[in-house]
Amino acid sequence: MDSKYKRQVNELNKLWHYMLIKGNYKDIENKYSKIKSLSTSELSIIRIISEKEDVIIKDVINALNIPKSTLTSIIDRLEKKSIIVRSISNKDRRSYKLQLTEEGKNIQKEHIKFEEDIYGRVMSSLDTYEEREEFLRLIRKIANNISK
């Protein structure tokens, strides 16, 4: 890693942490109590289930690229919390389909509002439409190249 690149990486690290600290997300966190105790993995699974009818475990494994054993333990936790239910799939009787309970649907609604709040703060920190479009273009580029 050359010195200019290393300087940029260090600056990104400092700025990222500064945003997390200065963002004052505590007020947001308190506003969204339903999602506060859930992990990122749990919220991701809830989102996947909410976006598609008849989601089976294999769909979630493929979407998140996690081992079946890991997913099973997360699903067990979500089921114990009455957020999802597992039942035999109509399209593949060998698989379980996952569905959100009413509580799960409420959590997903709150999660969407939370994300709109956070990302709204990020976008509103940019002055113009053009800046926001450029920011999105760069984020897209990062998202498309980060796993290469």
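Each row is one residue, and each column tells you yes or no for (1) surrounded by fewer than 15 Cβ atoms within 10 Å (Cβ to Cβ); (2) among the small types (Gly, Ala, Ser); (3) in a helix (DSSP H, G or I); (4) touching a residue at least 24 places away in the same chain (Cβ under 8 Å).
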residue	(1), (2), (3), (4)
Ile46	no, no, yes, yes
Asn90	yes, no, no, yes
Lys97	no, no, no, yes
Tyr119	yes, no, yes, no
Leu126	yes, no, no, no
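Identify the residue in the range 1-42 that is of a type in the set (Val, Ile, Thr) and modelled with pLDDT under 80 and, among all such residues, is surrounded by the most Cβ atoms within 10 Å (Cβ to Cβ).
Looking only at the range 1-42, we keep the residues that are of a type in the set (Val, Ile, Thr), and these are 9, 21, 28, 35, 40.
Still in the running and modelled with pLDDT under 80: 21, 28.
Values: Ile21: 9, Ile28: 14.
My answer is Ile28.
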Of the conditions (1) within 18 Å of the chain's Cα centre (by Cα); (2) farther than 26 Å from Asp117 by Cβ, the single one that Thr72 does not satisfy is (1)
Unmet criterion (only one of (1) at pLDDT 90 or above; (2) surrounded by 14 or more Cβ atoms within 10 Å (Cβ to Cβ)) for Glu102 | (2)
State yes or no: is Ser82 surrounded by 11 or more Cβ atoms within 10 Å (Cβ to Cβ), among the small types (Gly, Ala, Ser), in contact with a Ser or Thr (Cβ under 7 Å, 6 or more places away or on another chain) and closer than 29 Å to Lys31 by Cα?
-> yes
Is it the case that some residue within the range 129-148 is surrounded by 14 or more Cβ atoms within 10 Å (Cβ to Cβ) and aliphatic (A, V, I, L, M)?
-> no
Filter result (over 16 Å from Glu102 (Cα atoms) and either of a type outside the set (Gly, Ala, Ser) or not in a helix (DSSP H, G or I) (or both)) within the range 28-41 = Ile28, Glu29, Asn30, Lys31, Tyr32, Lys36, Ser37, Leu38, Ser39, Thr40
Restricting the range 81-99 to residues that are over 24 Å from Lys34 (Cα atoms) and in contact with a Phe, Trp or Tyr (Cβ under 9 Å, 6 or more places away or on another chain), the one modelled with the lowest pLDDT turns out to be Ser89
In this structure, does Arg77 turn out to be within 24 Å of Ser147 (Cα to Cα) and either surrounded by 10 or more Cβ atoms within 10 Å (Cβ to Cβ) or under 17 Å from the mean Cα position of the chain (by Cα) (or both)?
-> no
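The values are calculated or read from the model by the stated rules, or taken from the named source; none is laboratory data. All values reported here derive from a predicted model rather than from experimental measurement. Cβ atoms come from the backbone with ideal geometry, glycine included; neighbour counts cover every protein chain shown.
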